[in-house]
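*Asks:* If you scroll down you'll find the structure; I have some questions about it.
Every number in this text was worked out from the coordinates using simple rules, so none of it is lab data. As the structure is a computational prediction, the values presented were derived from the model and not from experiment.
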Amino acid sequence: MVVRVAAALIGSAAWFLMWALVAACCSASEEIAVERDVPSAIRFGGYMLAMGLICARGSAGDWTSLEQTFIEFQAAWPVVPLTLAVIVLELVLRRRPRNARLQVNASIYLACAYLAVAVIAVQQSEPLPNNPQYDRPAP
């Protein structure tokens, strides 16, 4: 039970850490909440969903021990380059004049690209380890 809670905490902590990093570096939350920038909200929402998929895959596993849970969470490493790409892209977009920034349609495509990266990352990750206890017949 403790290991399952730890896996959930590890995944959630990674998700919040990456969210806070993007929010701090790019002022994404301010763009959405204060400026009411819908395209930014679409891009940030797509990124957050993609990040959630990747962190959820990292939290999946047998949860046999805390050490093994950390080893299995390494499947979530693609969240780091995705986060760096989002930060760079958002910083580049913020330098443009407001009327030259991505509009809603382009932001939807970009959000879908983030999700596609997450799906590919999850599909390409190694299969979950097989616990020998699963192979024993039920009593």
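*Asks:* Please give the helix 38-59 orientation as an angle from the longest Cα principal axis of the chain, in degrees from 0 to 90, rounded to the nearest 10.
*Replies:* Taking Cα atoms only, the helix is inclined about 10 degrees.
*Asks:* Could you tell me which label, among (i) 66, 24, 22; (ii) 59, 48, 20; (iii) 59, 45, 18, carries the value of Cα extents along the principal axes in Å calculated for this structure?
*Replies:* Among (i) 66, 24, 22; (ii) 59, 48, 20; (iii) 59, 45, 18, the one calculated here is (i).
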